[in-house]
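The values are calculated or read from the model by the stated rules, or taken from the named source; none is laboratory data. Model, not experiment: these values are computed from the prediction. For neighbour counting, all protein chains shown are included, and Cβ atoms are generated from backbone atoms with ideal geometry for every residue, glycine included.
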Amino acid sequence: MEKRTPARPRQAWMEDSSSQESRSPGLQLPSSYEVTAMEALKIDASWLPIYKEEEEAVDSILAFVTSPNQEERDKATFLRSISVLCRSAVKLGLTQGLDLFCDVCQLSENIKALLEEEPRDRLCTEIRHLSMLALEKLSLVDSALEGKARSLLWACFYSVFWLPAEKEMPKGDLALYIKTLNSMDSMLRTMVLSFPASRVSEELQGILELLLDFTRCEREAVRERAMARIDVLTCVLSDYSTLQAHANVTGGISEPVCSGEIHLPLLGKLLGRLILFRFSEEQTSCAAFHALFALADFIFESRAKDRAGQEQQEAVTTSALCSLSAKDCAKAFGKYLRSHERTDVILVAIEAMRDASILDKQVPSSLLDVALEDPDVWLTDAPKIVSCILESLEYFSTECAWEKAESLLRLMTNLYPTTLVILLCKAALQGDSTQPQLWELMSSMPEMLEKILEEFAILLRRHCFCCSTKGPSTHPMASSSRKAEVEELADKPDVESHPGCPNVVTARLLLEGLVGLSQRAEMARNIELFLPGMMKILQAGSEEAKMKILLALRNVLRQLKKSKASFIAVQLVGRLLPLFDSECSELREQSICMLTLLLKSVVGRDEKRMRKEVWRALVPLLFRVSDQVPSVAKASREALLAAAELLRWKTLKHLLQRERLWELGACLLQKSRSRAEDFIHQSLPYLQDPQANVRLAAVRFIGLITRRLRDQTTESQADILSALQPLEEDWDISVSSLAAQTRLILNSPCLQQRPRSLLEVLRCCLP
């Protein structure tokens, strides 16, 4: 009785192999299969519908994949058997279960391994040729190569393209070489036409990407072979509207695909490379020229608005391709390209200016001329184009390349200044190695640099200030690791996608970029542009934003001439005072350190103005000397010392140098008794400071002043009493007792005789 084909082949193998206990030594099985599956195949593969017709081929395949030792003859027999088996199965309609057989036997993996074993310096066997034929026939078996085509093709290309140049091959190898290339071309055609309609675009895109990568190789023979294969595929693409995708073997349903249904995102990139090689002086020119014809057919067929118009346009353009220059060729194709495809053509041209595989730099230069003449059509994706220019700068080695980069950047600056600023900030944030070349180029174009810096200053005011005033939900400098920030910002859309709208990510990027820019002389020379925005951020920005501004200002001040730094220092002092009381200890420290730097920067007439300003800082610094954070306290002492030197106040300087800090308040009051009332108003807010040490210092200083004013009826007395009352219940005993004592003194009758000195008063208010 004839044995019937199991309905579930894999299950049948498992059942038939239950008595087997070992794995065949010559086959690496996928983890999803039981170890006994191959033993079952060795015993009985007759369940395959094609087995009866091609028993010898099946047995040869099984013998090879299960054998630990394989001779050259065995390899050839194995490959020929695959071709015979798949060809017969497709021809006779007996492909049921064949994809499973190919999977379990790992036919594609074995073919790939054979290709990788072949020596790259010579062509001495038919293994490459037979492998291409085997893969061609395998591609006809439904799903046999699903998910594997790209890696297999890479192995094929690498194995063949890197062979010695044709003129260097022994004459005896030439015939086999030509036969191998022909089999590769046949494999490519069959494979593309065999893809299901739903996957044609994706698979074809992947193959073309592989080939384009090979066209960048420095070896001319590799470029020539890759371009010839692109020629083959573009011809298939050109003819696709009259062909049908491979019939679905299982369902028996044909899936017609027309050229209009094929979408290739890399069409612009492909076209750009073809134009470059079409006008080169090497062997690739012929294949690229032929491929351009085929690509033109595909584009015209798929994108013509009407049939009559298409025929006329196709005839004119195709005939013109023979005589057009690279520039005119780009224009001719550009009419049919979509916006992103035109962008890709320009990107290819920019990259070609630094590409060693493009020998004639005049061709990409001509393509860039097209963009410069019609920027509204060709330069629509500013971020991509500018990024490509910036990334390529360090590789430009010719005067022509630098001239084109300069022309493009100047044009893009006029059209998209915001984009330039954002990309420059990203480069600064990522520590991009192209920055020296970029600034060298920008410095040679003062008008462009000025425009970019002006736009930078405008963006800084718009985004950083607005975002920082919206509260925690739009915090422009949310804490995160440096690496995470770079990755996040690199993935974000450009600010120009939200014109006029403050953007939190943009604010963060601008601040980071500002810090990087502040280390350059260009920033110092144009500091006036940025000062208004920086002042606003210091006034109303987030703590992190203020930190960035302080860092940038410190970098800039160190580069400025004394006179300019002195003028700016006077303007900045008033913005720093509120920062001394920030909840962030780092911001307190940095702002106080900045004050020290500013005090040391003033010269000439600015010293007089600075002396008036610095008096407002003395009381806050006096209290910050008691800050519980040692670095803040240290910075406060240094700032007071700088103030003493500016004011030429020897007593204060003497006390600080000898660290007699408990006498600072008395010294301050004795130096300027007329400011006692102002000192009180400055001191009252510190009675509510979170730090007990600061509250205690404020109470003590107010105590000194009350002894000075208690015989006078002032508006301040009521305020002092009101402010001191809650402190009588302060959790810190030193604060509560001193507050109670001070209120008692303030309420007591005036003494007929005042204390003889303020130092005696100081001793009285010690707890």
Legend entry - Candidate set from region 522-549 (those that are over 16 Å from Ala457 (Cα atoms) and surrounded by fewer than 20 Cβ atoms within 10 Å (Cβ to Cβ)); member that is nearest to the chain's Cα centre (by Cα): Glu544
Legend entry - Scope region 671-697; condition surrounded by fewer than 16 Cβ atoms within 10 Å (Cβ to Cβ), part of a loop (DSSP other than H, G, I, E, B) and modelled with pLDDT of 90 or more; matching residues: Pro690
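Among the residues that make up region 167-181, is at least one of them crowded, with 18+ Cβ neighbours inside 10 Å and part of a loop (DSSP other than H, G, I, E, B)? Walk me through it before giving the result.
Quick first cut of region 167-181, residues crowded, with 18+ Cβ neighbours inside 10 Å only: 177, 180-181.
Filter once more, keeping what is part of a loop (DSSP other than H, G, I, E, B): none.
No, every residue in region 167-181 fails to be crowded, with 18+ Cβ neighbours inside 10 Å and part of a loop (DSSP other than H, G, I, E, B).
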Legend entry - Which listed residue is touching a residue at least 24 places away in the same chain (Cβ under 8 Å) and under 19 Å from Lys426 (Cα atoms), from Arg520, Arg588, Arg554, Arg575: Arg520
Inset, instruction - Tell me which of these Ala89 doesn't satisfy, since it passes every other one: (1) under 49 Å from the mean Cα position of the chain (by Cα); (2) buried (at least 17 other Cβ atoms within 10 Å of the Cβ). - result: (1)
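Can you name the helices (runs of 4 or more DSSP H) wholly within region 44-138 that have at least 3 residues being in contact (Cβ under 8 Å) with a residue 12 or more places away in the chain, farther than 25 Å from Arg189 by Cα and among the β-branched types (Val, Ile, Thr)? Working first, answer last.
On the way: elements: 55-65, 72-92, 98-104, 107-117, 127-138.
Ranges flagged: 55-65.
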Inset, instruction - For region 126-160, name all the residues that are of a type in the set (Phe, Trp, Tyr) and surrounded by fewer than 21 Cβ atoms within 10 Å (Cβ to Cβ). - result: Trp154, Tyr158
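Looking at Arg658, Arg648, which is the one that is in the same structural domain as Val614 (by TED's automatic domain parsing) and at pLDDT 90 or above?
Arg648
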Inset, instruction - Please work out which residue is nearest to the chain's Cα centre (by Cα), limiting yourself to region 629-670 and to residues that are basic (Lys, Arg) and surrounded by 15 or more Cβ atoms within 10 Å (Cβ to Cβ). - result: Lys634
Inset, instruction - Considering only residues that are assigned to a helix (DSSP H, G or I) and among the β-branched types (Val, Ile, Thr), look in region 195-227 and name the one that is modelled with the lowest pLDDT. - result: Val200
